[in-house]
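This report concerns only the one structure given below.
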There are 2 protein chains.
Amino acid sequence: MSPKITVELLRQLRQAMRNTKYIAEPIQAYIVPSGDAHQSEYIAPCDCRREFICGFNGSAGTAIVTEKHAAMWTDGRYFLQASQQMDNNWTLMKMGLKETLSQEDWLISVLPDNSTVGVDPWIIAADQWKNMSKALASAGHSLVAVQDNLIDAIWRDRPTRPSTQLLTLGLGFTGLTWQDKMTALRSKMAERKISWFVATALDEIAWLFNLRGSDIEYNPVFFAYAIVGMNTIRLFVDIKRLAVPTVREHLQLDTPSKAELSVQTAPYESVFTELQAVCASLGPKEKVWISDKASCALTQVIPKAHRSPIPYTHLCLAKAVKNATEIQGMKMAHIKDAVALCELFAWLEKEIPKGTVTEISAADKAEELRSQQKDFVGLSFPSISSVGPNGAIIHYRPLPETNRTLSLNEIYLLDSGAQYIDGTTDVTRTMHFGSPSAYEKETFTYVLKGHIAVSAAIFPNGTKGHLLDSFARQALWESGLDYLHGTGHGVGCFLNVHEGPCGISYKTFADEPLEAGMIVSDEPGYYEDGLFGIRIENVVLVVPAKPKYNYRNKGSLTFEPLTLVPIQAKMVNTDLLTQKERDWVNEYHRQCRETIGAELERQGRKEAMDWLIRETQPIA
Amino acid sequence: MSPKITVELLRQLRQAMRNTKYIAEPIQAYIVPSGDAHQSEYIAPCDCRREFICGFNGSAGTAIVTEKHAAMWTDGRYFLQASQQMDNNWTLMKMGLKETLSQEDWLISVLPDNSTVGVDPWIIAADQWKNMSKALASAGHSLVAVQDNLIDAIWRDRPTRPSTQLLTLGLGFTGLTWQDKMTALRSKMAERKISWFVATALDEIAWLFNLRGSDIEYNPVFFAYAIVGMNTIRLFVDIKRLAVPTVREHLQLDTPSKAELSVQTAPYESVFTELQAVCASLGPKEKVWISDKASCALTQVIPKAHRSPIPYTHLCLAKAVKNATEIQGMKMAHIKDAVALCELFAWLEKEIPKGTVTEISAADKAEELRSQQKDFVGLSFPSISSVGPNGAIIHYRPLPETNRTLSLNEIYLLDSGAQYIDGTTDVTRTMHFGSPSAYEKETFTYVLKGHIAVSAAIFPNGTKGHLLDSFARQALWESGLDYLHGTGHGVGCFLNVHEGPCGISYKTFADEPLEAGMIVSDEPGYYEDGLFGIRIENVVLVVPAKPKYNYRNKGSLTFEPLTLVPIQAKMVNTDLLTQKERDWVNEYHRQCRETIGAELERQGRKEAMDWLIRETQPIA
């Protein structure tokens, strides 16, 4: 991986920062956040502005350019990658280390007195704007909205915004019509005396309307906004996409239904002026709901007195709790996914000794096998297919220049997943195809203990995910080890593989309490820089538990694994497991054999079946 | 317990709310917060204004009186007590219940349009003022500072503010001179470019100056403020207290030392005008540090542009990390405390069968035994001495009308502690003097497992306490049980028994990471309403751990128990313990026997020694 040469780009950007074509007064610093106008985690090529300016293409990072400095903040997953992708015009700011200044403190430390800092108000969230603005003001600086994006101004061959075909989802996949969802949303609005709701997150809009797109790779979403009133539904989307009969039918665009369920469509870009119009006609006590993670630009359209910012929208919460149809779909998707992975691992066992399988070809094979499964749409994120030292790069993605060959001597870590029309998968398995060392087995076993501790945990209703995070680390901590990422994230149903508002992380972002029907990942790991990486990840469903007692009738919860792919027994030092943990492994493998075995049988995949039977032998 | 009759008091208060002697315009509501001008948790009698007006004397609660209504907010610990202590002029507002309005929302719901709400700006914290003021403004009302306290205006026999004798602490107790502490504070100020620091928390001031008082029961503090500049130290305190030669000597009031270490003293009340004078002479870039929990009155003296509010002051952080001398003192205090408790439990065993020991007499006996120990000053909080169902009332305090007799049939829970000149203690033991039931033993054992899980936890440097909270609950959760309080709080060294900024709680208040030298309590529990309460509490010291590996050279921490009082083996169902847990109990009891045994021997306390030997037999 060679760094992007950014001398000329930085020169041009700094020139733009002084150019009165874009701004009234020169600015002394320009912030380039990671996201798009919807604060998406994965973004379309036209929105990869931070990558364009600094070269780093990880999923999280913020670049700031001043007249003299250029710095980029990212977290532990990306320290190595960022240091390889950025040239020495850039300073890598390692978030989470004690000595690393926050963006605010760094700006205050480098800026001349009374500086002006600019940012595109569409790609900074309202809450981030507020914090940054306050911090800068306290030091005598100011944050200003620069309407023209200065990266776009210097980006000559910037791709156009995608506008892919829309896919409509019927009741068999969604469990609820979009009209049902609209009614539920409005009843929540009525309950909280809210007149209007502005939807800006792409997965929320896709979920609400039971529509999918492919505007952003790996994420079946489409660029849109929605504004919902008690009698009005406005959908802002590239109008060309609505020409398709199935879509018109689905949204009932030509068959006027009840007035309050008729959808008015308008161009994507018109959301700003339409929201202005809505706000102009607000009564004195009327309130508008908008996520505090929505763009600053759109948020500020709503006069402060009418704005009711919320950390999580009703849609975000409703989407997180899967209904019976969605749960059934997720289970089916995970069975198909497991079939593909069993085939892959059986194939790898045969092929690796020949020395012809690489990280890239293994990932390609996994994709090929998944694509043979029913209702396969695409991958749910770029496969992390990594051998030996590459496994220690937490969000590694194999490239021709880093591509290693799988061998009998190094650990192989595959973190991959797919989008099927019935559900989204995300699974990590760590394997050794030769003889793992005692140390590799020891650390793998600690990670497994952590995985089991979360998966088997019983906890009261209303518990927030962050309280479970240390269960995953306990065994590692006892040996002085740790991993520098969270333990789990919410998973969408044929939607984004990362979704809020629940998760399992030491970071105590305001996560919502876990409840039955939520789906999260359980993925502790251990990474030895320069040597290997270990991660064991299942997607798990929150289900009611029935322990011996029921304190204050609160009820208890636990997890049910949806992922059913064997965990390599060869990597386990069984002496380090308790009897309870051994029982868990054996019961898990029994389920894998039973459920995936039946499907392999049905699909007539004999070699994978043999592999599954062998890999699910009980451990002693 | 009979309620306080408040008809006449409320009439007088409402009259004062219209009296132009105190306010320019009548106010429609008056807020009476719980605290004093230093936002102390425990307060002096002269500051018990909320109790005076409504009768409720718990440690937390806010009263609000409008022209027509009177309401008082408190939390779950106090619902029963408050309902018994208040007459029917008052509405009890049960915090934490979904249907209970917040103070702001309640005010908005009952006030006429454009109302004015008053509060004494000295006893409301700046951050609370800000929130309340904002909420009221959003509904068209306003919050105003009423300089004369209206409760004081109607409180005829209000006690005077205590001004007890000051005690000076030498290096042998503090490990650092106050001059050393001042220098460290100033170096932190210089690092953050802060010109002045205003100290308002009483324990911080006591710690900084190595002085103690007894103005507030259980808390060895004295009423004072301090303002520290880079060359100035101002101490605001009742001047009479400084007449004592030892105090003058300690503060070097008569022997001018280096100019920047000479202490200027001024009357307690003059802090306001002195701070005004300091602020009037501030340069344009000068900043003043003040805790965001300081009083609104004092905070607002500092012009906003110069104000640098912080959640935790440097003193709060520095005080939390005990130095070697303080640690040694805390260890000594805990040894003496354990001697007293061993004697108490040996005595109880003999006396309980006679049927003459009550909750009150047991607590008195504990105090008597503690008072025989060297450098005993007083209790560190009111003893929670509770039998059977009273044990389920988490913050129970025995009163003549609730006093139960200790027996062979009910569980006894004693949560108590003392102030010694060398340290502060806080310990809970739960005992059965007859034959505990299988269920009592089972739940006790879960609590013990939780206690051990925290105490024996190994975790990376930089871990925040809230991440350890679920370790304490894991065994309870697995059986569907839980407890509704945090697991631990910081403990001062001959200072407040509850101190920030660290703790172990599911509530993720912004706790600071644990570091070696911090001292916290480890006190999981289980409470069965109407039957019994169980809590096992040790005070523990954060110490470096040396596990097998050292990931990224981060280092690891664990806890060392300072409390060394046997945990009753009779209450343990050993079948539910793992071998590791049994080893922990045996090793803990070995330490108790070795350390406390030696001291009992030295003090010639034979009966307690016999009890200790018996109670520290290894369990199988």
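With free of Cβ contacts under 8 Å to residues at least 24 places away in the same chain and in contact with a Phe, Trp or Tyr (Cβ under 9 Å, 6 or more places away or on another chain) as the only criterion, which of A:459, A:444, A:471, A:433 stands out? Working first, answer last.
On the way: A:459 fails: free of Cβ contacts under 8 Å to residues at least 24 places away in the same chain; A:444 fails: free of Cβ contacts under 8 Å to residues at least 24 places away in the same chain; A:433 fails: free of Cβ contacts under 8 Å to residues at least 24 places away in the same chain.
None of the other options fit; the residue is A:471.
Find the residue count for segment B:594-620, including only residues that are of a type in the set (A, V, I, L, M, F, W, C) and farther than 19 Å from residue B:571 by Cβ. If you could, list the steps in order and put the result at the bottom.
As a first pass, look at segment B:594-620 and keep what is of a type in the set (A, V, I, L, M, F, W, C): B:596, B:598, B:600, B:608-609, B:611-613, B:619-620.
Right, trim to farther than 19 Å from residue B:571 by Cβ and you get B:596, B:598, B:600, B:608-609.
Number satisfying all stated conditions: 5.
Does segment A:94-102 contain any residue that is touching a Lys or Arg at 6+ places or on another chain (Cβ under 9 Å) and crowded, with 17+ Cβ neighbours inside 10 Å? Can you show your working first?
First, pick out the residues of segment A:94-102 that are touching a Lys or Arg at 6+ places or on another chain (Cβ under 9 Å): A:100.
Then drop every residue that is not crowded, with 17+ Cβ neighbours inside 10 Å, which leaves none.
Scanning segment A:94-102 turns up no residue that is touching a Lys or Arg at 6+ places or on another chain (Cβ under 9 Å) and crowded, with 17+ Cβ neighbours inside 10 Å.
Given the residues A:185, A:167, which is the only one that is at pLDDT 95 or above, open to solvent by 50 Å² or more (accessible area, probe 1.4 Å), of a type outside the set (Asp, Glu) and out of contact with any Leu (no Cβ under 6 Å at 6 or more places or on another chain)? It would help to see each step written out before you state the result.
Values: A:185 fails: open to solvent by 50 Å² or more (accessible area, probe 1.4 Å).
Selected residue: A:167, the only one of A:185, A:167 that is at pLDDT 95 or above, open to solvent by 50 Å² or more (accessible area, probe 1.4 Å), of a type outside the set (Asp, Glu) and out of contact with any Leu (no Cβ under 6 Å at 6 or more places or on another chain).
Sort out which residues of segment B:343-358 are hydroxyl-bearing (Ser, Thr, Tyr) and open to solvent by 40 Å² or more (accessible area, probe 1.4 Å), and write them in order of number.
Taking segment B:343-358 first, the residues hydroxyl-bearing (Ser, Thr, Tyr) are B:356, B:358.
Scanning segment B:343-358 gives a single hit, B:356.
For the structure I just gave you, tell me whether residue B:565 is more than 14 Å from chain A (Cβ to nearest Cβ), surrounded by 21 or more Cβ atoms within 10 Å (Cβ to Cβ) and either farther than 25 Å from residue A:475 by Cα or in contact with a Cys (Cβ under 9 Å, 6 or more places away or on another chain) (or both). Spell out the reasoning first.
On the way: more than 14 Å from chain A (Cβ to nearest Cβ): yes; surrounded by 21 or more Cβ atoms within 10 Å (Cβ to Cβ): yes; either farther than 25 Å from residue A:475 by Cα or in contact with a Cys (Cβ under 9 Å, 6 or more places away or on another chain) (or both): yes.
Answer is yes for this residue.
On the given criteria, is residue A:560 in contact (Cβ under 8 Å) with a residue 24 or more places away in the chain and among the acidic types (Asp, Glu)?
On the way: in contact (Cβ under 8 Å) with a residue 24 or more places away in the chain: no; among the acidic types (Asp, Glu): yes.
No: the conditions fail for residue A:560.
Taking residue A:560 as the residue in question, decide whether it is acidic (Asp, Glu), surrounded by fewer than 24 Cβ atoms within 10 Å (Cβ to Cβ) and out of contact with any Cys (no Cβ under 6 Å at 6 or more places or on another chain). Walk me through how you get there before you give the answer.
Numbers: acidic (Asp, Glu): yes; surrounded by fewer than 24 Cβ atoms within 10 Å (Cβ to Cβ): yes; out of contact with any Cys (no Cβ under 6 Å at 6 or more places or on another chain): yes.
In short, yes.
Just one of B:127, B:105 is modelled with pLDDT under 95 and closer than 17 Å to residue B:297 by Cβ; which is it? Give the derivation first.
Numbers: B:105 fails: closer than 17 Å to residue B:297 by Cβ.
Matching residue, one of B:127, B:105: B:127.
Taking segment A:249-273, which residues are within 15 Å of residue A:209 (Cβ to Cβ) and exposed (fewer than 15 other Cβ atoms within 10 Å of the Cβ)?
A:249, A:257, A:264 - these are the residues of segment A:249-273 that are within 15 Å of residue A:209 (Cβ to Cβ) and exposed (fewer than 15 other Cβ atoms within 10 Å of the Cβ).
Between residues in segment B:594-619 that are among the β-branched types (Val, Ile, Thr) and residues that are open to solvent by less than 60 Å² (accessible area, probe 1.4 Å) and not in a helix (DSSP H, G or I), which pairs lie under 9 Å by C-beta distance while being six or more apart or on different chains?
Correct list of pairs: B:595/B:564; B:596/B:564; B:596/B:565; B:596/B:566; B:596/B:616; B:616/B:566; B:619/B:572; B:619/B:577.
All but one of (1) under 25 Å from residue B:498 (Cβ atoms); (2) crowded, with 19+ Cβ neighbours inside 10 Å; (3) modelled with pLDDT of 95 or more hold for residue B:378, so report the exception by its number.
Looking at each condition in turn, residue B:378 falls short on (2).
Report whether or not residue B:496 is open to solvent by 10 Å² or more (accessible area, probe 1.4 Å) and more than 18 Å from the chain's Cα centre (by Cα). Give the steps one after another, and end with the answer.
Details: open to solvent by 10 Å² or more (accessible area, probe 1.4 Å): yes; more than 18 Å from the chain's Cα centre (by Cα): no.
In short, no.
Say we look at segment A:523-549 and pick out the residues that are over 30 Å from residue B:549 (Cβ atoms) and open to solvent by 80 Å² or more (accessible area, probe 1.4 Å); which of these is nearest to the other protein chains (Cβ to nearest Cβ)?
Step by step, filter segment A:523-549, then rank; the result is A:548.
Taking segment A:330-342 as the region of interest, how many residues are open to solvent by 10 Å² or more (accessible area, probe 1.4 Å) and touching a Phe, Trp or Tyr at 6+ places or on another chain (Cβ under 8 Å)?
2
For segment B:482-492, state whether one or more residues are facing another protein chain (nearest Cβ under 7 Å) and farther than 30 Å from residue B:206 by Cα.
Just the residues of segment B:482-492 that are facing another protein chain (nearest Cβ under 7 Å), to begin with: B:482.
This time we only want the ones that are farther than 30 Å from residue B:206 by Cα, so: B:482.
Taking every residue of segment B:482-492 in turn, at least one turns out to be facing another protein chain (nearest Cβ under 7 Å) and farther than 30 Å from residue B:206 by Cα.
Would you check which residues across segment B:465-476 are open to solvent by 10 Å² or more (accessible area, probe 1.4 Å), out of contact with any His (no Cβ under 9 Å at 6 or more places or on another chain) and facing chain A (nearest Cβ under 8 Å) and list them?
B:474
Conditions tested, residue by residue: (1) in contact with a helix residue (DSSP H, G or I) (Cβ under 6 Å, 6 or more places away or on another chain); (2) within 11 Å of chain B (Cβ to nearest Cβ).
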{"position": "A:460", "(1), (2)": "no, yes"}
{"position": "A:502", "(1), (2)": "yes, no"}
{"position": "A:511", "(1), (2)": "yes, yes"}
{"position": "A:516", "(1), (2)": "no, no"}
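Filter segment A:190-230 for residues that are surrounded by fewer than 22 Cβ atoms within 10 Å (Cβ to Cβ) and of a type in the set (S, T, N, Q) and give the result.
Correct list: A:195, A:214.
Condition first: charged (D, E, K, R) and open to solvent by less than 50 Å² (accessible area, probe 1.4 Å). Can you find one or more residues in segment B:395-406 that meet it? Give the steps one after another, and end with the answer.
Our first condition is that a residue be charged (D, E, K, R); within segment B:395-406, this holds for B:397, B:401, B:404.
Those left that are additionally open to solvent by less than 50 Å² (accessible area, probe 1.4 Å): none.
No, segment B:395-406 has no match at all.
Could you please tell me which pairs satisfy a Cβ distance under 6 Å, a separation of 6+ or placement on different chains, a first residue in segment A:277-290 that is at positive phi, and a second residue that is assigned to a strand (DSSP E or B) and of a type in the set (Val, Ile, Thr)?
Pairs that qualify, where the first residue is at positive phi and the partner is assigned to a strand (DSSP E or B) and of a type in the set (Val, Ile, Thr): there are none.
Counting just the residues of segment A:500-521 that are modelled with pLDDT of 95 or more and open to solvent by 10 Å² or more (accessible area, probe 1.4 Å), which one comes out nearest to residue A:327 (Cα to Cα)?
A:516
With respect to residue A:506, determine if the residue is within 13 Å of chain B (Cβ to nearest Cβ), within 25 Å of residue B:557 (Cβ to Cβ), outside any helix (DSSP H, G or I) and touching a residue at least 40 places away in the same chain (Cβ under 8 Å).
So residue A:506 passes the test.
Each row is one residue, and each column tells you yes or no for (1) at pLDDT below 95; (2) open to solvent by less than 10 Å² (accessible area, probe 1.4 Å); (3) of a type outside the set (A, V, I, L, M); (4) assigned to a loop (DSSP other than H, G, I, E, B).
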| residue | (1), (2), (3), (4) |
| --- | --- |
| A:408 | no, no, no, yes |
| A:412 | no, yes, yes, no |
| A:435 | no, no, yes, yes |
| A:439 | no, no, yes, no |
| A:443 | no, yes, yes, no |
| A:450 | no, yes, yes, no |
| A:462 | yes, no, yes, yes |
| A:484 | yes, no, no, yes |
| A:492 | no, yes, yes, yes |
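The values are calculated or read from the model by the stated rules, or taken from the named source; none is laboratory data. The model shown is predicted, which means the values in this text are computed figures rather than measured ones. Because the Cβ atoms are built from the backbone with ideal geometry, glycine has one as well, and the counts that use them run over all protein chains shown. The area values use the complete protein model at the heavy-atom level, side chains included, leaving out ligands, DNA and RNA. Shrake-Rupley method; radii C 1.70, N 1.55, O 1.52, S 1.80 Å.
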